[in-house]
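A quick write-up on the structure given underneath.
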Amino acid sequence: MLRFFTAGESHGPCLTAIVEGFPAGVPIDISRINNDLARRQQGYGRGGRMKIEKDEAQLRSGVRWGESLGSPITLLVENKDWRNWEKRMSPSPEDRDEKIAVTRPRPGHADLTGALKYHHYDVRNILERASARETTARVAVGGLAKCLLRPLNIQVMGYVTEIGGIVADHSQLSIEETFARAEVSQVRLADIQAEEQIITLIDQCKKQGDTLGGVVEVVATGLPPGLGSFVQWDRKLDGRLGYALMSVQAVKGVEFGLGFETARRPGSHVHDELSFDPAKGFIRHGNNSGGIEGGMSTGEPLRVRVAFKPLSTLMRPLKSVDIRTKEPVEATIERSDVCAIPAAAVIAESVVAFVLAQAVLEKFGGDSLTEIRRNHEGYLEQVRRF
């Protein structure tokens, strides 16, 4: 079973991920993983933290001479800002300083509920781990997953479709064109007109001390039919993707294909009709399902959209309550972004890549890439001859 754990606080010494169940013989390109980490740091509307950090993953175990060994892989990303927080985040009891306690929880963040749950009177003990800084480790893990998917010709691409209610028009572009253009956009979308409007809106929100949310889309191509299963609830591919994506900080909604629009249309305008071509096999005339039917991949591109709420830290803070005095106060201000949606597309892309890597290993098994590729090729041939 492929799985991972992350550890580390936002202003701690480092973020760590341990990946277990990764097969042997997979070429590991650390430069590609670090490129994804760099992509996560980019985007118009990011805050001061990204000027300090230069995220790069270090391989601490499980890889030798550029190939996975089959043993647990450890990835480590240093927090360069740690040097400014060493006393405030120290594990030593002699460094305790109650004067710096954070006691004004931010509406919309994990602050208050986490403090109640874990009985902390310093919200710093909650917000450090609840921070989206944790997704740095998940992007590194996603980059590792892509190393497994790449030899099987599976590509995962994430980009922005909407920020602050301004929707990009990608209708005339292919998936590959959309992704390529989005990669050179300041807000990671492929519509120049929408980009200009969004940048203006971000500037306005920054002046007002406000924040913006948005929607990202992730598309995976090259998937064979049959990843996931219909036989149990926890094996359905869309269910597992939804679970993983909803675990990302600030995510409030996930939809596949037409998503919520399917509730507004008759069935004749929703379901993808089928035909058979002796040369091509079974054909779907559309992809309203988003590449998933009955909890299984159909072989069409997987298409999932993810809605992110605006960040909870506002430079013009909302009303709150001091958790110690119970007096009304303004919420605390942590260093933050105005808009992190361009980064969110990379994070969602990484999360999808890992879930797909899990599904690939479950379907094709194998302790090494050689065995996995043999099983994968045999299955594709079986599908072709069906």
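The values are calculated or read from the model by the stated rules, or taken from the named source; none is laboratory data. Quick caveat, the model's predicted, so the values are computed rather than measured. Positions of Cβ are generated from backbone atoms using ideal geometry, with glycine treated the same way; all protein chains shown enter the neighbour counts.
General observations
- Within the range 208-285, strands (runs of 3 or more DSSP E) holding 1 or more residues that are charged (D, E, K, R) and farther than 20 Å from residue 300 by Cα: 251-256
- Conditions (1) surrounded by fewer than 18 Cβ atoms within 10 Å (Cβ to Cβ); (2) without any contact (Cβ under 8 Å) to a residue 40 or more places away in the chain; (3) under 16 Å from residue 9 (Cα atoms); (4) not hydrophobic (A, V, I, L, M, F, W, C); number of the one not met by residue 99: (3)
- Taking every residue in the range 13-39 that is within 19 Å of residue 72 (Cα to Cα) and among the small types (Gly, Ala, Ser) and pairing it with any residue that is surrounded by 17 or more Cβ atoms within 10 Å (Cβ to Cβ) and modelled with pLDDT under 95, at least 6 positions away or on another chain, yields no pair with a Cβ-Cβ distance below 8 Å.
- Test: residue 52 is free of Cβ contacts under 8 Å to residues at least 60 places away in the same chain and within 23 Å of residue 338 (Cβ to Cβ): yes
- Just one of the numbered conditions (1) hydroxyl-bearing (Ser, Thr, Tyr); (2) under 22 Å from the mean Cα position of the chain (by Cα); (3) part of a helix (DSSP H, G or I) is not true of residue 185: (3).
- Given (1) within 30 Å of residue 213 (Cα to Cα); (2) out of contact with any strand residue (DSSP E or B) (no Cβ under 8 Å at 6 or more places or on another chain); (3) not polar (S, T, N, Q), number of the condition residue 236 does not satisfy: (2)
- Within the range 120-171, the residues that satisfy the criterion of being assigned to a helix (DSSP H, G or I), over 16 Å from the mean Cα position of the chain (by Cα) and surrounded by 19 or more Cβ atoms within 10 Å (Cβ to Cβ) are 124, 126, 127, 128, 147, 148, 149, 152.
- Among the candidates 277, 272, 191, 234, the residue that is without any contact (Cβ under 8 Å) to a residue 60 or more places away in the chain, over 30 Å from residue 384 (Cα atoms) and acidic (Asp, Glu) is uniquely 191.
- Among residues of the range 302-327, those that are part of a loop (DSSP other than H, G, I, E, B) and crowded, with 18+ Cβ neighbours inside 10 Å, counted: 6
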